[in-house]
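Heads up, the thing below is written out as structure tokens.
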Amino acid sequence: MNDRLTRLFRAAIVLVVAVIAAIVGWVVFYDIPATLTDLLGILLVIGTVLIALQVGRKLATSAFPSYDVAEVAVEGPISREGGKAPIPGRGSGLPADDIVEQIDAAADDENAEALLLKLNTPGGEVLPSDDIRRAAADFDGPTIAYATDVCASGGYWIASGCDELWSHDASIVGSIGVIGSSVNASELADKLGVSYERFAAGKYKDAGNALKEPTDDEREYLQGLIDDYYDDFIERVAEGRDMDPEAVRDTEARVYLGDEAHELGLVDSLGTRDDVEDRLAELLDRDEVSIEGFTPELGLAERLRGGVETAAYAFGAGLASSVDVDDGFSFRF
């Protein structure tokens with residue numbers, strides 16, 4: 001069904017619903033109750049029609065959808081909580097679980113025949129990144145990851161779960177590596193007269209604690225965890241990109257501009273947003289596609305709460321942002 005015919009059908013549904021609502025409203029609110037004033041009856045009829053128009057639009061959109069591609073954005077640092085940027089309003093992203101929920105919603109939507117994953121992220125936490133990658137990989141239909149400004153580290157991990165990765169020639173792509181970090185404040189603690197007393201069961205339970213100097217065994221243990229994550233990252237990328245694992249390892253976690261990433265096989269194609277849409281149309285055997293953005297619906301209270309949380313986090317950013325409160329050690333893509 002072409003777009004013009006779809007619009008006509010949708011307009012017809014809205015009109016029919018509005019007429020029915022006007023008749024019902026007139027009878028129920030104006031014609032039958034003899035005690036109501038004419039003005040009140042007319043106002044109630046108008047209110048009924050306005051509500052019915054909203055319902056009619058939703059019914060029309062559901063019956064004759066105008067899209068065949070779902071778009072989900074992954075923007076800002078990837079984390080379980082989301083929205084916690086050092087500067088409020090800049091660099092913050094949705095919680096990973098919300099992104100997964102939108103991908104799942106697209107997968108359940110019969111109208112969404114393809115998935116476009118828009119990536120503009122420097123990476124982030126390991127498991128949330130993998131949750132998003134798995135959701136994209138499970139989508140039943142063509143999936144294209146499109147890198148805008150940055151598709152690095154955890155963002156590239158996510159892209160490896162899609163059928164194709166596109167980018168601009170000047171996009172920043174890569175950083176296939178893992179980092180584990182801990183602040184070592186043991187000397188500062190000594191100067192301040194702060195002592196560390198260990199109460200733990202298990203030799204490595206407090207490995208990476210910021211208040212003590214790590215032993216050689218602890219450093220080897222923590223590096224081993226990083227190496228395991230890195231090997232898994234290499235394997236996932238090599239499998240998803242159909243590349244030789246050694247070629248992926250040879251990147252040594254570098255970032256590349258899009259054109260060089262394309263030459264190395266890290267990107268399938270270079271192009272603009274229009275080029276990506278043309279590719280989606282080709283994959284769906286259409287002349288053109290219509291894209292619907294899938295985003296979580298946030299109420300006023302949630303928006304206000306998110307703004308307050310982001311502002312509060314800004315005051316505590318810095319030293320505490322890189323330290324895990326339990327053992328002082330954190331893993332990130």
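Of the residues making up region 217-275, those that are of a type in the set (Ser, Thr, Tyr) and farther than 22 Å from Ile172 by Cα are Tyr221, Tyr229.
Screening Asp285 with (1) at pLDDT 90 or above; (2) surrounded by 15 or more Cβ atoms within 10 Å (Cβ to Cβ); (3) not in a helix (DSSP H, G or I) gives one miss only, at (2).
Annotation: of all residues in region 250-267 being at pLDDT 90 or above, surrounded by 18 or more Cβ atoms within 10 Å (Cβ to Cβ) and not aliphatic (A, V, I, L, M), the one that is farthest from Asn120 (Cα to Cα) is His262.
Kindly establish whether Ala281 is of a type outside the set (D, E, K, R) and closer than 16 Å to Ala152 by Cβ. Criteria not met by Ala281.
Against the numbered list (1) surrounded by 23 or more Cβ atoms within 10 Å (Cβ to Cβ); (2) modelled with pLDDT under 95; (3) over 12 Å from the mean Cα position of the chain (by Cα), Gly155 comes up short only at (3). Can you tell me which residues in region 106-130 are within 24 Å of Asp68 (Cα to Cα) and either assigned to a loop (DSSP other than H, G, I, E, B) or without any contact (Cβ under 8 Å) to a residue 60 or more places away in the chain (or both)? Within region 106-130, Ala107, Asp108, Asp109, Glu110, Asn111, Ala112, Glu113, Leu115, Leu117, Lys118, Leu119, Asn120 meet the criteria.
The values are calculated or read from the model by the stated rules, or taken from the named source; none is laboratory data. Here the structure is a predicted model, which is why all the values come from computation and not from measurement. Cβ sites come from the backbone with ideal geometry, for glycine too, and all protein chains shown count toward neighbours.
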